[in-house]
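The values are calculated or read from the model by the stated rules, or taken from the named source; none is laboratory data. None of these values were measured; they are calculated from a predicted model. A quick note on method: Cβ atoms are made from the backbone with ideal geometry, for glycine too, and the neighbour counts reach across all protein chains shown.
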Amino acid sequence: MKRIYQLLNVTPEQYERGFFTNYLEWCESVAMDILETQKIISNNAIAKWYRTEYTKCEQEFLYRANRYVSNGVIDAADLAVCYTQCVEKMLNISPKPLIYEAKKVDKQTKQIAVAGIKVFSYN
């Protein structure tokens, strides 16, 4: 982790902010509405999966970066672009079974009478 901070020239707080922003963007990309997004964001299994896959992307970044940094051929702006390209791959993958479980809606409904019309609502 510290190596990534150094290569990107960011503080741990800036890194965490970027990670969380990426996580929220990913959650929004796999959800259909705000309720699904909230369920996915708060699901521990999905968060653990995301962190594991994100770490793999960061390892790829470190592999790429180390090849060029040692030669002095790359600057901080290029490293930031490389990092973005590596972690953007997250937008193309998802754990379908975990997402399906997180999106499940409690099927218990109750009827509410509104001016003689039956309206169903979820508990």
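Within segment 3-22, the residues that satisfy the criterion of being in contact (Cβ under 8 Å) with a residue 60 or more places away in the chain and within 20 Å of the chain's Cα centre (by Cα) are I4, L8, N22.
Say whether the condition of being modelled with pLDDT of 95 or more and within 15 Å of the chain's Cα centre (by Cα) is met by at least one residue in segment 102-122. So far as segment 102-122 goes, no, none of its residues is modelled with pLDDT of 95 or more and within 15 Å of the chain's Cα centre (by Cα).
When segment 59-79 is filtered for residues that are farther than 13 Å from Q6 by Cβ, modelled with pLDDT of 90 or more and of a type outside the set (K, R), the ones remaining, listed by number, are Q59, E60, Y63, D78.
The single condition among (1) surrounded by 16 or more Cβ atoms within 10 Å (Cβ to Cβ); (2) closer than 25 Å to K96 by Cα that Y83 does not meet is (2).
The rows are residues; the columns are (1) assigned to a loop (DSSP other than H, G, I, E, B); (2) exposed (fewer than 12 other Cβ atoms within 10 Å of the Cβ).
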| position | (1), (2) |
| --- | --- |
| I40 | no, no |
| T55 | no, yes |
| N71 | yes, yes |
| L79 | no, no |
| M90 | no, no |
| Y100 | no, yes |
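The residues in segment 52-68 that are charged (D, E, K, R) and closer than 20 Å to S94 by Cβ can be counted, and the count is 4. Only one of the numbered conditions (1) in a loop (DSSP other than H, G, I, E, B); (2) surrounded by 12 or more Cβ atoms within 10 Å (Cβ to Cβ); (3) of a type outside the set (F, W, Y) is not met by M32, and that is (2). Here S94 meets each of (1) loosely packed, with under 12 Cβ neighbours inside 10 Å; (2) outside any helix (DSSP H, G or I); (3) of a type in the set (S, T, N, Q) with one exception, condition (1).
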